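First the structure, in the form of structure tokens, and then the observations on it.
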Amino acid sequence: MAAFDPIPPVFRGNHFTWFLANRALLTDAPLYKNQQQRNGQDKHEQALRKVWALSGGSRDESPAVIEAKMLALPLLQRKCIKFCFILMFGEAAIPNPSSQSQTECWLDFGFVGASGEEEEHYYCAAYHEPLIERRCTWSEFCAAFESKTIPALFTRHSLSLPNPRLFADVMSGSPSPHDFKSVWRLKHYVVRAISSEPGHTFLPELTLRSESFLTISTYIELLTKRRVDPLDLHDACMRGGLLEYAKTFVKLSPWTAKYQRLLKNRYPLRGSVRHVAGTITQS
């Protein structure tokens with residue numbers, strides 16, 4: 001107000017009228033905070049009803065009834081609803097691998113197969129067609145997810161993806177937590193580690209030059225910086241050539257002797273991050 005007072009009313013402009021009517025927006029007044037809370041609640045309820053309607057429910061039901069019915073659904077159908085909610089109303093419309101509530105969707109719906117955020121947006125666009133544009137029924141989509149045939153669903157509806165081979169391989173394991181190739185769980189681990197918020201890192205406290213540090217940093221380099229083909233990495237491990245494969249992309253000296261042991265094939269530790277990742281012990 002002090003800035004406007006010296007200005008003749010005729011020269012204050014329309015923005016002054018807006019300012020007078022919306023001063024609460026520029027303060028921390030309780031009224032404004034309450035309005036923010038109401039707006040947030042309204043948006044949540046609208047989103048809940050919209051997703052519920054897409055899945056065949058009624059928009060007219062109360063949020064409490066909708067949430068109760070969602071909780072009563074089978075697990076895989078709840079996963080589809082949760083993914084749809086993220087796709088439509090998430091901050092970036094992409095599951096966030098570092099978010100505790102979204103990281104499972106990032107893996108289950110194949111985003112781990114993308115080489116980076118640009119490809120993840122292509123994945124979102126492809127999922128948007130059957131889910132939001134209703135190219136198929138909700139039951140058809142859920143059945144495809146449960147039967148590991150999302151790639152075939154995309155093909156039927158002429159939906160293309162970059163690197164479809166990688167997406168198809170991920171989805172051949174999803175949604176069973178034990179059917180993914182271990183390289184996908186390794187990449188999931190690595191991406192979560194480097195994308196965690198400051199102060200809430202997913203990585204354990206590691207000392208420089210420790211074996212865990214050497215192993216993790218190698219896979220970070222391979223899978224996120226060099227962006228090697230994950231299936232090539234997996235195949236190298238299967239045939240016992242992990243060390244030879246890694247050193248074509250990453251400088252191993254002066255720790256070559258350690259790497260020879262750390263990157264040794266440890267089969268048959270199947271279904272574990274250690275299956276590929278040597279001394280990485282978290283999953």
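The values are calculated or read from the model by the stated rules, or taken from the named source; none is laboratory data. These figures come from a predicted structure and were not determined experimentally. No Cβ is skipped: glycine too gets one built from the backbone with ideal geometry, and neighbour counts run over all protein chains shown.
A few comments on the model shown:
- Of the residues contained in region 176-188, one or more are found to be charged (D, E, K, R), more than 18 Å from TYR122 (Cβ to Cβ) and outside any loop (DSSP other than H, G, I, E, B).
- Pairs meeting the criteria (first residue in region 83-102 and within 12 Å of LEU48 (Cα to Cα) and basic (Lys, Arg), second residue modelled with pLDDT of 85 or more and in a loop (DSSP other than H, G, I, E, B), beta carbons under 9 Å, at least 6 apart or on different chains) are lacking.
- Any helices (runs of 4 or more DSSP H) falling wholly within region 20-110 and containing at least 2 residues that are farther than 29 Å from VAL170 by Cα, among the charged types (D, E, K, R) and at pLDDT 70 or above: 30-54, 63-71
- Residue count, region 208-228 (criterion: surrounded by fewer than 17 Cβ atoms within 10 Å (Cβ to Cβ) and not in a helix (DSSP H, G or I)): 5
- You will find that of PRO97, PRO74, the residue that is under 22 Å from PHE180 (Cβ atoms) and surrounded by fewer than 14 Cβ atoms within 10 Å (Cβ to Cβ) is PRO74 and no other.
- Residues in region 122-167 that are in a helix (DSSP H, G or I), farther than 15 Å from LEU87 by Cα and free of Cβ contacts under 8 Å to residues at least 24 places away in the same chain: GLU140, ALA143, ALA144, PRO151, ALA152, LEU153, THR155, ARG156, PRO164.
- Condition check for PRO162: closer than 17 Å to SER55 by Cβ and not β-branched (Val, Ile, Thr): no
- Number of the exception - ARG165 against (1) modelled with pLDDT under 95; (2) exposed (fewer than 14 other Cβ atoms within 10 Å of the Cβ): (1)
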